[in-house]
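Trainee: So that we are looking at the same thing, I have put the structure below in structure tokens.
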């Protein structure tokens, strides 16, 4: 499926905490729970499309409440391990908004969705941000990643497009579930860059404040 084809109005969803991804990014997933094994089996028989969305919180005697905004992905690589796990690569197509959850009688969840708020996700946009504009973000994120024990290949990251670079940083960053959701829901790349800077400032302030107290 390419982005010019009609996007679905109903999809299976894979809730995964502290995980976001964006259009035009690829993510590897290790699928091992039986309900999601079944979900992938069903998806491979049809469109190969699934939605990724973060859970908010667990409701009493109920399923996890989901955030309204997630991202649709297409399975572009699939393999099965000897112990029955599925290793897949998901390519991001477009963000979506959940309209309502569908009772389907299946072990995994399905939702009715809309792409109306994210029409730009399926368009080719000109990048208005320069790499020079990212120098401070790179510097601050490097410090944050090092303090949190995260490792990232910064040289390879800079070889990507600006959109891919900013989105990869948002995805890999050691931010909270709520902060990552804010980045996912930003309308465009410039706003995402600004939000990324805003969130980083809070971490820099906290680190400075903690260091000065010690």
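Trainee: Kindly state which strands (runs of 3 or more DSSP E) lie completely within the range 53-172 and contain at least 3 residues that are modelled with pLDDT of 75 or more, buried (at least 16 other Cβ atoms within 10 Å of the Cβ) and assigned by TED's automatic domain parsing to the domain that holds residue 31.
Mentor: 69-80, 86-102, 109-114
Trainee: Are there any pairs with C-beta distances below 7 angstrom linking a residue in the range 69-90 that is within 13 Å of residue 32 (Cα to Cα) to a residue that is assigned to a loop (DSSP other than H, G, I, E, B), with the two at least 6 apart or on different chains, and if so which?
Mentor: 85/32; 87/81
Trainee: Would you pick out the residues in the range 174-214 that are in a loop (DSSP other than H, G, I, E, B) and modelled with pLDDT of 85 or more? I'd like the intermediate steps shown before the answer.
Mentor: Initially, the range 174-214 is screened for residues in a loop (DSSP other than H, G, I, E, B), giving 174-176, 186-188, 214.
Residues satisfying the conditions are 175, 176, 186, 187, 188.
The values are calculated or read from the model by the stated rules, or taken from the named source; none is laboratory data. Predicted model only: the values in this text are computed from it and were never measured. Methodologically, a virtual Cβ is constructed for each residue, glycine included, from the backbone with ideal geometry; neighbour enumeration extends over all protein chains shown.
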